[in-house]
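Engineer: Please find one structure pasted underneath; my questions will follow.
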Amino acid sequence: MEAYRTPDERFDHLPDWPYAPRHVAQDGLRMHYVDEGSGDPLLLLHGEPTWGFLYRRMIPTLRAAGRVVVPDLFGFGRSDKPLRQLDYSYDSHYRSIERLALALDLGRLTLVVHDWGGPIGLRLAVTHPDRVERLVILNTGVGAGRAPSPDWLRFRELVRQVGPDFTASRLVQVACVSRLDGDTIRGYDAPFPVADAKAGARAFPELVPTELDHPSAAAMLEVRDALSRWEKPTLVLFSDSDRVFSPAHAERMASHIPGALPAEIVAGAGHFLQEDRGEEIAERVARFVRG
């Protein structure tokens, strides 16, 4: 599989990102991850169009509560980026994270999931419940047969229209309450210096199963069904200003999972709540882990 590897210098001197890069090899591709702290692990999974950088304001607090592992999905961050959109699927993303978790022998795990990290990470939880102790669910969903919202359909159409002119930081900015400064913009754009780097980011909207005959649909519905029997501790923590995943989505998610606490809402945050309120969210997650 042909892939693009973003030059290392693109990631030099990023704000609040002093972490040494680590890698695992999978079928000739290199997956990047951060591994900080010690104790029972927390696996933090990002979505579209971000990378581990999204969690930079949370890692310092969370590594005091355990070992923090933050991978970049293939096509994102410092991980390799297959060149064709057809090289990306829900199954392939899931398998790569499953292989990482097994390679690192992650057990007694707290899974923190956001956006596309939700369907991927929640599938890991229900497939390997012996390894997962608790869930933290941030602004995401899992299911099939309809779009998450009309705003999401507009987002998918925008990604289709901009094509190789796709710019990650612009998508992050429009979904945040706070303004991104120049260094933060550089951080979100660092993985994507050329059109060849953007196939994975452009592919993700097409992997959402808005129809029941979509290739992702059956697996996602199986995950959703399994979550209806998930009794381990679960924190559902959404923001108040996300036009795709609203507080009502949070309440439905919490009511669907038997082990979930009542949904909590973070004020003054958009879809990328880690960017808007990262320190506050990290404190909430750390309390949940310790409790």
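The values are calculated or read from the model by the stated rules, or taken from the named source; none is laboratory data. Only a predicted model underlies this, so the values are computations on that prediction, with no experimental measurement involved. Don't worry about glycine lacking a Cβ; one is built from the backbone with ideal geometry, like all the others, and counts go over all protein chains shown. Keep in mind that these areas ignore ligands, DNA and RNA; they rest on the heavy atoms of the full protein, side chains included. Shrake-Rupley method; radii C 1.70, N 1.55, O 1.52, S 1.80 Å.
Quick grid of which residues meet (1) in a loop (DSSP other than H, G, I, E, B); (2) touching a residue at least 24 places away in the same chain (Cβ under 8 Å); (3) within 19 Å of the chain's Cα centre (by Cα):
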position: Pro164; (1), (2), (3): no, yes, no
position: Gln173; (1), (2), (3): no, no, yes
position: Pro193; (1), (2), (3): yes, yes, no
position: Ala201; (1), (2), (3): no, yes, yes
position: Glu206; (1), (2), (3): no, yes, yes
position: Asp213; (1), (2), (3): yes, no, no
position: Met220; (1), (2), (3): no, yes, yes
position: Lys232; (1), (2), (3): yes, yes, no
position: Val236; (1), (2), (3): no, yes, yes
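Engineer: Now for a different question. Would you say Arg252 is out of contact with any strand residue (DSSP E or B) (no Cβ under 9 Å at 6 or more places or on another chain), open to solvent by 50 Å² or more (accessible area, probe 1.4 Å) and charged (D, E, K, R)?
Structural biologist: Yes, satisfied.
Engineer: Here's a follow-up. Is it the case, given these coordinates, that Thr50 is buried (at least 21 other Cβ atoms within 10 Å of the Cβ), in contact with an Asp or Glu (Cβ under 8 Å, 6 or more places away or on another chain), touching a residue at least 60 places away in the same chain (Cβ under 8 Å) and not charged (D, E, K, R)?
Structural biologist: yes
Engineer: Can you tell me which condition Leu83 does not meet? The list is (1) surrounded by fewer than 19 Cβ atoms within 10 Å (Cβ to Cβ); (2) within 26 Å of Pro18 (Cα to Cα), and all the others hold.
Structural biologist: Failed condition: (2).
Engineer: For region 40-75, which positions are under 14 Å from the mean Cα position of the chain (by Cα) and either assigned to a helix (DSSP H, G or I) or of a type in the set (Lys, Arg) (or both)?
Structural biologist: Gly52, Phe53, Leu54, Tyr55, Arg56
Engineer: Among the residues of region 190-208, which ones are open to solvent by 30 Å² or more (accessible area, probe 1.4 Å) and either touching a Lys or Arg at 6+ places or on another chain (Cβ under 9 Å) or more than 23 Å from Glu2 (Cβ to Cβ) (or both)?
Structural biologist: The answer is Pro193, Asp196, Arg202, Glu206.
Engineer: Looking at Leu73, Leu138, which one is over 22 Å from Arg290 (Cα atoms) and either in contact (Cβ under 8 Å) with a residue 12 or more places away in the chain or surrounded by fewer than 23 Cβ atoms within 10 Å (Cβ to Cβ) (or both)?
Structural biologist: Leu73
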